[in-house]
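Colleague: Mind having a look at this structure? Questions to follow.
The values are calculated or read from the model by the stated rules, or taken from the named source; none is laboratory data. Just so we're clear, the structure is a prediction, and the values are computed from it rather than from any experiment. Every residue, glycine among them, receives a Cβ derived from its backbone with ideal geometry; neighbour counts consider all protein chains shown. Calculation scope for accessible area: heavy atoms of the full protein, side chains included, ligands and nucleic acids excluded. Shrake-Rupley method; radii C 1.70, N 1.55, O 1.52, S 1.80 Å.
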Amino acid sequence: MTATHASQIIDGYLKRLDSELSSFPTARRKELEAQIAEHIAQARQELPAETDADLLTILDRLGEPDEIAAEARASLDITTTTKPGPVEIFALLLIGVGGVIFPILPVAWVLGTGLVWRSRAWTPREKYFGAYLPLVVGLAILVISALASGIFGRHLLLEVAFLGFVIANLLMPLGTAIYLAARLGRRLPILAWAAIAIIAVSVFLPAAAAFIPARASAFIATPFGEPGLTPGPGGPVCKGFYGTVRYASGLPIEATAPVSVGICWDGNTVTKSWGPDCYPNYGPALRVQVQSCTVESLQDGSMIISIQSSATATTAPFFGQSGGMAWRITPDGHITQL
Amino acid sequence: MHRMVRAEDRTGLIAQMRRGALEYCVLALLATRERYGFELVQNLAEVDGMVITEGTIYPLLTRLRKDGEVETFWRESSSGPPRRYYRITAAGREALKGFRSEWSRFRSAVDTLLESGR
């Protein structure tokens with residue numbers, strides 16, 4: 001018989017064993033698989049001439065993979081875990097992304113841990129180190145942070161407290177969810193992984209985008225279709241000012257707060273002919289709001305155009321940034337960003 | 001139906017007794033000398049009625065190793081790759097000694113009672 005055929009038979013057997021042992025702790029699974037593979041190799045060495053029948057006898061004497069797995073479960077005292085399902089997926093999402101959606105109190109983390117407690121897809125050890133212990137430590141950090149910011153209220157302590165909130169409310173549950181997900185590993189079908197990944201990305205991406213510093217740009221151009229902007233010779237020049245504040249600039253989820261003002265200048269003063277118009281553009285991930293949008297004339301004849309806006313992650317309303325942006329137009333029609 | 005359940009109970013009991021005794025048989029074999037996996041399994045399989053599925057020996061060896069009654073080491077082989085050998089530890093010898101004396105008492109007690117009922 002050919003070597004390929006033999007290795008196909010053995011590979012098939014080891015694959016079946018691997019899937020029978022999928023709920024085992026990794027170290028146990030690897031050790032047992034190595035032992036069985038060595039057994040087969042050693043048994044083959046002792047054969048004078050290998051035939052298909054010989055090989056099948058070796059495997060037959062070893063026993064069916066499910067028998068070996070059952071014996072291992074009994075003698076190694078391995079807690080039988082069940083196949084993960086919607087409950088486990090929901091628990092992972094609650095723990096992993098709950099802190100981003102609602103970071104004030106770890107409600108989702110606690111609820112998700114409750115589901116983990118009810119689940120039989122994780123071993124008691126995994127639950128203890130992967131779910132209960134992090135939750136207790138996280139809650140302790142939150143309480144200490146709250147006390148530090150509430151009672152003492154000093155600036156430095158506030159920063160320490162903020163760090164505590166970030167660690168205990170975001171990083172720890174996220175780490176916990178990743179660990180618990182990794183323990184489920186291949187027992188969760190690939191489609192379920194894809195769904196989790198899509199939900200996680202769509203929650204985290206906007207939250208992360210809220211941290212990208214906003215960028216601004218502006219230019220002066222002849223506005224499209226604006227009447228009365230063609231002055232006579234020697235008169236003032238009238239054009240449009242177009243400024244834009246960009247959140248998550250350059251990404252496909254970019255959202256903007258644009259401002260446009262009609263301006264005229266004659267070398268001595270800048271005056272407003274229309275505007276200012278500020279209409280925020282929502283992106284899929286960021287919600288932009290304009291708080292104020294003003295035009296102000298200075299003593300030296302120049303003009304200040306300012307816009308105060310904020311962007312909030314659509315999936316995580318507590319994540320966002322706000323900022324003011326201002327430009328100065330000098331009487332000779334030049335822009336300086338302030 | 002009732003009889004079937006009873007029969008299953010009995011095979012379950014025998015399997016449990018076999019599993020319980022098997023680990024001391026492994027220790028007894030290793031007490032004479034260290035052996036590699038396939039060799040150990042073959043030695044056990046030579047005795048009729050002791051091993052039904054050879055693959056189930058390996059979880060047992062792992063448990064014995066975890067309990068500190070057996071230790072493993074690698075040794076080069078004249079033919080082929082290095083082999084994982086199993087060796088009994090002092091704790092393993094102690095456990096074997098304890099089982100030996102308990103077992104002979106248990107065996108003669110059961111034998112006495114079974115014979116009296118004939």
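Colleague: Return the ratio Rg/(2.2 N^0.38 Å) for chain A, where Rg is computed over Cα atoms only.
Modeller: Normalised by 2.2 N^0.38 Å, the Cα Rg of chain A equals 1.62.
Colleague: Oh, and also: Rounded, prolate or oblate: which fits the stretch A:162-305, taking a ≥ b ≥ c as square roots of the Cα gyration tensor eigenvalues, rounded meaning a/c under 1.5, else prolate when a/b beats b/c?
Modeller: Prolate is the answer for the stretch A:162-305, as a/c is 1.5 or above and a/b outweighs b/c.
Colleague: Continuing with the same structure: So, with +1 on the Cβ of K and R and -1 on the Cβ of D and E, and no other charges, what is the size of the charge dipole of the stretch A:1-90 about its Cα centre, to the nearest 20 debye?
Modeller: 300
Colleague: Still on this structure, I have one more. Would you list which lysines come within 23 Å of A:Lys272, measuring only between C-alpha atoms, while excluding same-chain residues fewer than 8 positions from it?
Modeller: A:Lys239
Colleague: In debye, nearest 20, what is the charge dipole magnitude of chain A about its Cα centre with +1 on Lys and Arg Cβ and -1 on Asp and Glu Cβ, if you could check?
Modeller: The dipole of chain A has a size of about 960 debye.
Colleague: Additional query: Each label point is 7 Å from the Cα along the Cα-to-Cβ direction; what then is the distance between the points at A:Val237 and B:Asp67, in nm?
Modeller: The answer from the label model is 9.4 nm.
Colleague: A follow-up question, please. Counting only the backbone N, which residues of the stretch A:114-143 are under 12 Å from the spot 7 Å out from the Cα of A:Ala182 toward its beta-carbon?
Modeller: Under 12 Å, as judged by backbone N against the label point of A:Ala182, lie A:130 of the stretch A:114-143.
Colleague: Given R₀ = 56 Å, what would the calculated FRET efficiency be for A:Ser217 paired with A:Phe90, taking r from the Cβ atoms and rounding to 0.05?
Modeller: Given R0 = 56 Å and the Cβ-Cβ separation, E is 0.80.
Colleague: I've got another one for you. For a quick check, take a GNM of chain A with Cα springs below 10 Å and name the residue from A:Ala197, A:Ala221, A:Ala285 with the largest mean-square fluctuation.
Modeller: Its mean-square fluctuation being the largest, the pick is A:Ala221.
Colleague: Please compute the per residue accessible area over the protein assembly as shown with all protein chains in place, 1.4 Å probe, rounded to a whole number of Å².
Modeller: Heavy-atom SASA per residue in the protein assembly as shown reads 55 Å².
Colleague: Another question, if that's okay. Over the C-alpha atoms of chain B, what are the Rg and the largest Cα-to-Cα span, Dmax, in Å?
Modeller: Every Cα atom of chain B included, Rg and Dmax give 17.1, 56 Å.
Colleague: Follow-up. Just want the answer: with Cβ charges of +1 for Lys and Arg and -1 for Asp and Glu, which residue in B:Ala31, B:Thr53, B:Trp74 is farthest toward the dipole's positive end in the stretch B:11-116?
Modeller: After comparing all options, I get B:Trp74.
Colleague: Compute a Gaussian network model of chain A, connecting alpha carbons closer than 10 Å, and tell me which residue from A:Thr312, A:Thr244, A:Thr222 fluctuates the most.
Modeller: Answer for the Gaussian network model of chain A: A:Thr222.
Colleague: Ignoring ligands, DNA and RNA and using a 1.4 Å probe, state the total buried accessible area between A and B in Å², rounded to the nearest 100.
Modeller: So the total buried area for this chain pair works out to about 2200 Å².
Colleague: Angle check, please: helix A:3-20 long axis (alpha carbons) against the longest principal axis of chain A (alpha carbons), in degrees 0 to 90, nearest 10.
Modeller: It works out to around 70 degrees.
Colleague: Where the centre of each part is set by its Cα atoms, how far does the stretch A:80-125 sit from the stretch A:250-274, in angstrom?
Modeller: For the stretch A:80-125 versus the stretch A:250-274, the Cα centre distance is 49 Å.
Colleague: Ignoring ligands, DNA and RNA, what percent of the 1.4 Å accessible area of the protein assembly as shown is carbon and sulfur?
Modeller: Carbon and sulfur: 61 percent of the exposed surface of the protein assembly as shown.
Colleague: Right, here's the next one. Longer than 30 Å from Cα to Cα, which of A:Lys127/B:Lys97; A:Lys30/A:Lys83; A:Lys15/B:Lys66 are they? Say none if no pair is.
Modeller: A:Lys127/B:Lys97
Colleague: Only Lys, Arg, Asp and Glu count, each charged at its Cβ (+1, +1, -1, -1), so figure out the dipole size of the stretch B:11-116 about its Cα centre, rounded to 20 debye.
Modeller: That gives the stretch B:11-116 a dipole magnitude of about 300 debye.
Colleague: Can I ask one more? Please compute the contact order of chain A in relative form: average sequence separation of alpha-carbon pairs under 8 Å and at least six residues apart, divided by the residue count, as a percent.
Modeller: For chain A, the relative contact order is 11 percent.
Colleague: In degrees between 0 and 90, to the nearest 10, how far off the longest principal axis of chain A does helix A:65-75 point, with axes built from Cα atoms?
Modeller: On a 0 to 90 degree scale, this one is about 90.
Colleague: State, as an integer percentage, the relative contact order of chain B based on alpha-carbon contacts under 8 Å between residues 6 or more apart.
Modeller: Reported as a whole number, the value is 25 percent.
Colleague: Moving to a separate point now. If exposed means no more than 12 neighbouring beta carbons inside 10 Å and the site is in a DSSP loop, what's the longest run of chain A without any exposed chymotrypsin sites (Phe, Trp or Tyr not before Pro)?
Modeller: In short, A:1-210.
Colleague: Helix A:26-45 versus the longest principal axis of chain A: what is the Cα-based angle in degrees, 0 to 90, to the nearest 10?
Modeller: 40
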